[in-house]
Every structure is written in structure tokens, then in C-alpha cells.
Amino acid sequence: MADGSELLNGRRVLVVEDEYFIADDLRRVFEERGAQVIGPVGSVDDALAMIEECPRIDGAVLDINLREVMVFPVADALRARGVPFVFATGYEESAVPKRLRDAIHCEKPIEPARLAEALFGQPIAH
């Protein structure tokens, strides 16, 4: 079974997470499988700046609560660009505004491999 490298190879993934160890783990796993990680960033303002500055983003992983600020403006900006994203959070799905409830919601703790599968549609080996 492939390790998913061909799936992630060359993909540009924005990681929006304010918990350092989670963000670093996501970065490491995605990069090991060939993705280029944008960020990680830990605030809504930094994420919105990255979205504006980066000409290409293939997918994004979003924590819902970033230092007591909800990430929903980032989700809206990604959706406006047609970029798929996954909410990776400890919050229940009911905390997500109705307009964004069709997005994939993965409750923490979550394996980075599961996030890649959710974003790009194919499982990757652990």
C-alpha cells in the first residue's frame, strides 16, 4: 500500500492552528508526505493574510478557536476561493455556523493522516 506521498506530493496546505505541538505535528507529517505547508499560523488575521498573499492553496486545516477568536472568516475566505478545508477541533459540529456545516468536521485528537484523507479524498498509511 502506498504511503500517500503521491497524493500529497506538491500540494500546498494551509495549517491554521494555535497550539504549537499540534501545528508542528501536522506540518511534519504533511511535509514527510511531500506537501508544502503554508504556515502554520495561529491567528485569524495571519491566516487571512496568507490567503491573500498565496496564489495557490490546495487545502487547509482549520482549528475553530484561535486564542478565543473563531476561525469562520478564514473558512469564508477559503470557500470564496474554492479551497477545500477541514475543521480540526474539539468543538462539536453545532458550534459551526449553518453556512459552513457542510464542511468536514474532525474532532480532536485527530491523526494528521485522517486530515489528509478528509482533504484530498484518499487514505494514507500511518
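The values are calculated or read from the model by the stated rules, or taken from the named source; none is laboratory data. The model shown is predicted, which means the values in this text are computed figures rather than measured ones. Glycine also receives a Cβ, built like all others from the backbone with ideal geometry; neighbour counts cover every protein chain displayed. Accessible surface is based on the protein model in full, side chains and every heavy atom, while ligands, DNA and RNA are left aside. Shrake-Rupley method; radii C 1.70, N 1.55, O 1.52, S 1.80 Å.
Within the option set Ala116, Ala23, Ala80, Ala49, being under 19 Å from Asn9 (Cβ atoms), assigned to a helix (DSSP H, G or I) and either of a type in the set (A, V, I, L, M) or open to solvent by less than 70 Å² (accessible area, probe 1.4 Å) (or both) holds for one residue only, Ala116. Listed by first and then second residue, the pairs with beta-carbon distance under 9 Å, at least 6 apart or on different chains, first residue in region 98-126 and at negative phi and modelled with pLDDT of 80 or more, second open to solvent by 50 Å² or more (accessible area, probe 1.4 Å) and polar (S, T, N, Q), are Arg101/Ser94.
Identify, please: which residue in region 32-46 is small (Gly, Ala, Ser) and over 13 Å from Pro73 (Cα atoms) and is, among those, surrounded by the most Cβ atoms within 10 Å (Cβ to Cβ)?
Ala35
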